[in-house]
1. Could you check ARG525 against (1) part of a helix (DSSP H, G or I); (2) modelled with pLDDT of 90 or more; (3) not β-branched (Val, Ile, Thr) and say which number it fails?
2. Please count how many residues of segment 460-483 are more than 13 Å from PHE515 (Cβ to Cβ) and either touching a strand residue (DSSP E or B) at 6+ places or on another chain (Cβ under 6 Å) or surrounded by 15 or more Cβ atoms within 10 Å (Cβ to Cβ) (or both).
3. Would you mind finding the one in ILE78, ILE46 that is farther than 27 Å from TYR136 by Cα, in a strand (DSSP E or B), modelled with pLDDT of 95 or more and among the aliphatic types (A, V, I, L, M)?
4. Would a scan of segment 210-217 turn up a residue that is under 30 Å from ILE78 (Cα atoms) and either surrounded by 20 or more Cβ atoms within 10 Å (Cβ to Cβ) or of a type outside the set (Phe, Trp, Tyr) (or both)?
5. Keeping to segment 180-221, report how many residues are closer than 14 Å to TYR315 by Cα and assigned to a helix (DSSP H, G or I).
6. Among (1) part of a helix (DSSP H, G or I); (2) surrounded by fewer than 16 Cβ atoms within 10 Å (Cβ to Cβ); (3) modelled with pLDDT of 95 or more, there is one condition GLY73 misses while meeting the rest; what is its number?
7. In the list THR414, THR435, which residue meets the criterion of being at pLDDT below 55 and either under 30 Å from ASP488 (Cβ atoms) or not assigned by TED's automatic domain parsing to the domain that holds ARG525 (or both)?
8. Just give me the residues in segment 114-125 being under 15 Å from ILE14 (Cβ atoms) and surrounded by fewer than 19 Cβ atoms within 10 Å (Cβ to Cβ), in sequence order.
Amino acid sequence: MYPKVVGLSLNWCIFSGTINERTWGKGRGAYPRLEDNIVQVNDHLIRDRTNATLRCELYPDVPQIVSDILQHGAKLAIISRHSSRAMIERALYYFIVKDNYGHDRRLIELVTYLEVYNRHKTEHFRAIQGYNDEPYMNMILFDHMKQSTTRVEMLLGQSNLSLVVHYKSDAHKCVYYLGVTFEHCPDGLNWNRYQEGIATWRRTKALHSPWRGPEPTAYPKRKLIGYSGMDLDTIKLLEKGGRRQDRKEAARWGYAMYVADDPRVAKYFSDWIKIWVPDNRHDLKTNVNEDEVTIADSDLKRDKQVSRWGVSRPYVLFCRHPNMGRRDGLQFPIPDPQRFNELVIYGQTQESLIVIQRMTDAELVKAIRNNENVQYEHKIPEWNITVPEDTKADFRQHHEHPTYLYKLKLAPMTCTPPLFKSESSSDYVSKGHRTIHQLDRKTWGKGHGAHSKIEDNIIRVNDHVVQAINNASLKCKLYPDVPRIVGDILQHGAKLAIVSRHKSKAMVDRALYYFKVKDRHGKDRRLIELVTYDENTRPSTFVQSMGTMTKSTWI
């Protein structure tokens, strides 16, 4: 999976330095045509004819990057706000890179889209999209200019209403476009930055669920994620599979859709107008009164910190918001000083995963009356939300008690097939199927030289495989992930139960003695030593011995 169009910016992105028509070609003896004042020093270096200090040098990895782009069948686009197309064409004529066969070629010869004019870069991509109707979601831009993140990634536009927000799932065909993926290159484009950008594009592409229309029932795997109050124009865009495009109010965490888990909060904002971050990180927030470059800088700074916490773009943010108190004549519905939850969904994720449903005033009042609160703080394990230590400290400081782990008291496992598979030379047991090659007392220990005690006919091959002593075709092999799964169960404080209908407890005990897994500290232990409940009995006996804990569920 690879983008269809890869856009490269110029100054300080693919080469060091700046080609500037106000400074190049201004010395004594300069030619009247600006482009004629650009001279080639070598395949990767150009300079001004009359001022040797004005020079631009191709970054070392760019030739290989161009070759890789072409090898993947993508079209190369040059995206520049330079006002002299002729100067850029001359520079690209002198720069030598590699084509898709690894041969030396002039860079200008490999460019499909040469978009060089002094307009916002959104115009460059709109032009490219107009040439071949290529969706923006199939494009990526590598750029040194940080403000491009607030522009190209938002590409696709009054009364206050509320809406229900759902995650959507599978669908047929997307009729609205995603934004262009943006990768900031503060120190120029190199191979690692290029690979990071492509990886971000792939993650964004992979989470995309095509648009099936505004009806929530068209998405069978939908999940209610909250409530939001917003203007009618934005609602209409979202109902068509688009995204919030309002760039007048960046709000605390940048340009995004802001969703609450409590319908009371959505109503308040309606009347008034997959990471959880600590609210005290004011340095990561966006000052809505600053210029676009500053806002973009805060976006990039937030991305960098979130990456340190182990979460890559694209992501959504969860946060605790301070109580609003009384403002503009409206009393906030949450008692002071309690904080409330907000979910921040950025543009590409909005179009990839979000479907909305309008709520009438009556429906909103009913949701409030029935306390239909999603409660984000208790969805952390279910939704796999990353919670950094900074955030946990923020929760503790405010005496808040989110749910970090499943309330799991018991993790039952059956022996076959979930725990281990049985195999012979030609037969593997798959989930839901049984064969005579399982740990079966009717077949194991029945050949010549078998021991009288059936469990003594089980021998260890290695830490994860046992076999019959007199028949090497009868084997049981622990599934590869089971040692780690057992360790995870114990780390979460759950008790491990072995649940089996096997008629020989001694055989199962012997097999579990031979199998090695990980304990909660990650150390190798015999599986039998880590089992709290070893229930190799008939189901009725199991219910009696386990009591109400049989109702616990392994999630």
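1. (1)
2. The number of residues fulfilling the criteria is 5.
3. ILE46
4. Looking through segment 210-217, at least one residue is under 30 Å from ILE78 (Cα atoms) and either surrounded by 20 or more Cβ atoms within 10 Å (Cβ to Cβ) or of a type outside the set (Phe, Trp, Tyr) (or both).
5. 8
6. With (1) part of a helix (DSSP H, G or I); (2) surrounded by fewer than 16 Cβ atoms within 10 Å (Cβ to Cβ); (3) modelled with pLDDT of 95 or more applied to GLY73, the lone miss is (1).
7. When all the criteria are applied, what remains is THR435.
8. LEU114
The values are calculated or read from the model by the stated rules, or taken from the named source; none is laboratory data. Computed from a predicted model, the values in this text were never measured in an experiment. Using ideal geometry, Cβ is built from the backbone for each residue, glycine included, and neighbour counts are taken over all protein chains shown.
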